[in-house]
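The values are calculated or read from the model by the stated rules, or taken from the named source; none is laboratory data. Remember, predicted model here, so these are calculated numbers, not experimental data. With ideal geometry, Cβ positions are generated from the backbone for all residues, glycine too; neighbour counts draw on all protein chains shown. Just the protein is used for accessible areas: all its heavy atoms, side chains included, with ligands, DNA and RNA removed. Shrake-Rupley method; radii C 1.70, N 1.55, O 1.52, S 1.80 Å.
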Amino acid sequence: MPRVEITVPEHLEMQIAQMVEQGEFLNREEAVEELLSTGIKAFKTSGPREDEDDSGGFEDEGMMGHEDEYVF
């Protein structure tokens, strides 16, 4: 399986750690994989809104509306 390195804001890391601690996921890797997969499926289902351009608005504001840097 390909490996990807990402940088996420601290508040997202804390939420992921909390889900792992609560037993939602076995570990961080499983959590990130499942959450990304779910997010991609949701995006494909809803697709981009008509008022958005092809970029999805991620470049200017960061994902989830935050101005944090994301590295893939």
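So the values come out like this:
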| read-out | value |
| --- | --- |
| The listed residue being in contact with a Pro (Cβ under 9 Å, 6 or more places away or on another chain), exposed (fewer than 12 other Cβ atoms within 10 Å of the Cβ) and either of a type in the set (D, E, K, R) or at pLDDT 90 or above (or both), out of 60, 54 | 54 |
| Test for residue 66: is it modelled with pLDDT of 85 or more and surrounded by 10 or more Cβ atoms within 10 Å (Cβ to Cβ) | no |
| Odd one out for residue 45 among (1) open to solvent by less than 100 Å² (accessible area, probe 1.4 Å); (2) outside any loop (DSSP other than H, G, I, E, B) | (1) |
